[in-house]
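Here's the structure we're looking at; comments come further down.
The values are calculated or read from the model by the stated rules, or taken from the named source; none is laboratory data. The structure displayed is predicted, hence computed values, not measured ones. Here Cβ is always computed from backbone atoms with ideal geometry, including for glycine, and neighbour counts include all displayed protein chains. Heavy atoms of the whole protein, side chains included, go into the accessibility calculation; ligands, DNA and RNA do not. Shrake-Rupley method; radii C 1.70, N 1.55, O 1.52, S 1.80 Å.
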Amino acid sequence: MDKLIIIVTGAAQGIGKEIALTYAQKGHSVIAADIDGEAVSQFEKELIEQGLDVHAVKCDVRKEDHIIEMVQQIEHQFQHIDVLINNAGISKASYPNELTLQQWDDILNTNLRGAFLCTREVSKVMKKKSRGSIVNIASTRAFMSETNSEAYAASKGGLIALTHASAASLSEYRIQVNSISPGWIHTGSEDELREIDHEQHLSRRVGKPSDIARACLFLTNPENDFITAENITLDGGMTKKMIYEH
């Protein structure tokens with residue numbers, strides 16, 4: 001595969017960090033964007049020391065001007081953009097009667113509006129070469145819920161709808177848009193998990209960030225351009241598991 005120009009938002013930690021690392025290890029040029037400028041700059045330094053091609057950008061995806069400036073700078077430096085991974089996201093558990101409008105807006109503006117704005121600006125660059133691939137990191141919470149997750153669930157459900165709508169609108173420019181809905185993806189130490197945590201999954205293990213990163217690689221491989229407007233659930237089978245109370 002030729003060297004690609006990749007943007008990953010929310011790249012300073014967790015799933016986003018693993019996605020950015022995975023693409024860099026495959027020899028691609030990765031723009032690692034995150035609201036935490038210090039953390040993403042440290043990440044860039046670590047990967048450059050490994051000989052990897054990574055460029056840190058401080059970007060708050062809630063802010064339109066940040067995204068416009070970031071995309072303009074990337075196009076000026078690289079002339080094109082091949083892949084966008086809309087991963088930036090936040091969550092706050094709050095009883096619906098106590099969820100403030102500011103909390104609702106922060107979650108929706110980060111998880112959904114930010115993905116829309118990144119897609120809007122990056123697709124302007126992609127369409128010039130009539131190619132590109134966009135992956136939105138959604139969640140199984142778009143389909144099933146825990147208590148006190150209204151804003152997060154709404155944002156992820158909207159993100160899946162945005163995925164197939166964008167795939168339709170951008171199809172004339174041969175731009176693929178897909179989403180991935182992770183289930184339980186553990187980003188901490190393996191020692192924090194209990195055996196029962198693994199065994200409750202049909203896969204017999206809790207998910208890892210690398211599971212999501214490999215799915216991104218698959219969806220954005222130019223050879224897989226027949227896949228678009230699709231959502232892939234990666235949850236170890238949990239959304240298909242029938243559960244009875246004993």
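If the condition is being more than 16 Å from Val122 (Cβ to Cβ) and free of Cβ contacts under 8 Å to residues at least 40 places away in the same chain, then region 21-38 contributes Ala24, Gln25, Gly27, Asp36, Gly37, Glu38. Here Lys128 fulfils each of the conditions (1) outside any helix (DSSP H, G or I); (2) under 14 Å from Ile232 (Cβ atoms) apart from (2). Is at least one residue of region 72-81 among the acidic types (Asp, Glu) and at pLDDT 95 or above? Among the residues of region 72-81, at least one is among the acidic types (Asp, Glu) and at pLDDT 95 or above, which makes the answer yes.
Specify the residue that is farthest from Tyr173 (Cα to Cα); the eligible residues are those in region 86-125 that are in a helix (DSSP H, G or I) and among the hydroxyl-bearing types (Ser, Thr, Tyr). That would be Thr110. Just a yes or no: is a residue in region 89-96 touching a residue at least 24 places away in the same chain (Cβ under 8 Å), open to solvent by less than 30 Å² (accessible area, probe 1.4 Å) and not β-branched (Val, Ile, Thr)? Yes, the conditions are met somewhere in region 89-96.
Could you say whether any residue in region 53-69 is free of Cβ contacts under 8 Å to residues at least 24 places away in the same chain, over 27 Å from Arg174 (Cα atoms) and surrounded by fewer than 19 Cβ atoms within 10 Å (Cβ to Cβ)? Looking for residues that are free of Cβ contacts under 8 Å to residues at least 24 places away in the same chain, over 27 Å from Arg174 (Cα atoms) and surrounded by fewer than 19 Cβ atoms within 10 Å (Cβ to Cβ), one finds at least one in region 53-69, hence yes. Pick from region 131-145 the residues that are without any contact (Cβ under 8 Å) to a residue 60 or more places away in the chain and in a strand (DSSP E or B): which of them is nearest to Gly16 (Cα to Cα)? Here the residue is Asn136. Out of all the residues in region 101-130, which are without any contact (Cβ under 8 Å) to a residue 24 or more places away in the chain and under 16 Å from Gly158 (Cβ atoms)? Those that are without any contact (Cβ under 8 Å) to a residue 24 or more places away in the chain and under 16 Å from Gly158 (Cβ atoms): Asp105, Arg120.
Taken over region 154-171, the residue count meeting the criterion of being among the aliphatic types (A, V, I, L, M), closer than 16 Å to Trp104 by Cα and open to solvent by less than 20 Å² (accessible area, probe 1.4 Å) is 1. For region 122-148, what are the residues that are of a type outside the set (A, V, I, L, M, F, W, C) and open to solvent by less than 20 Å² (accessible area, probe 1.4 Å)? Answer for region 122-148, where residues must be of a type outside the set (A, V, I, L, M, F, W, C) and open to solvent by less than 20 Å² (accessible area, probe 1.4 Å): Ser123, Gly132, Ser133, Asn136, Ser139, Thr140. Among residues of region 53-85 being in a helix (DSSP H, G or I) and of a type in the set (Val, Ile, Thr), the one that is nearest to Ser29 (Cα to Cα) is Ile74. For region 19-39, the set of residues classified as farther than 11 Å from Val8 by Cβ, open to solvent by 20 Å² or more (accessible area, probe 1.4 Å) and in a helix (DSSP H, G or I) consists of Gln25, Glu38, Ala39, listed by residue number. Residues that are open to solvent by less than 30 Å² (accessible area, probe 1.4 Å) and not charged (D, E, K, R) within region 186-209 comprise Leu193, His198, His201, Val206, Gly207, Pro209, listed in sequence order.
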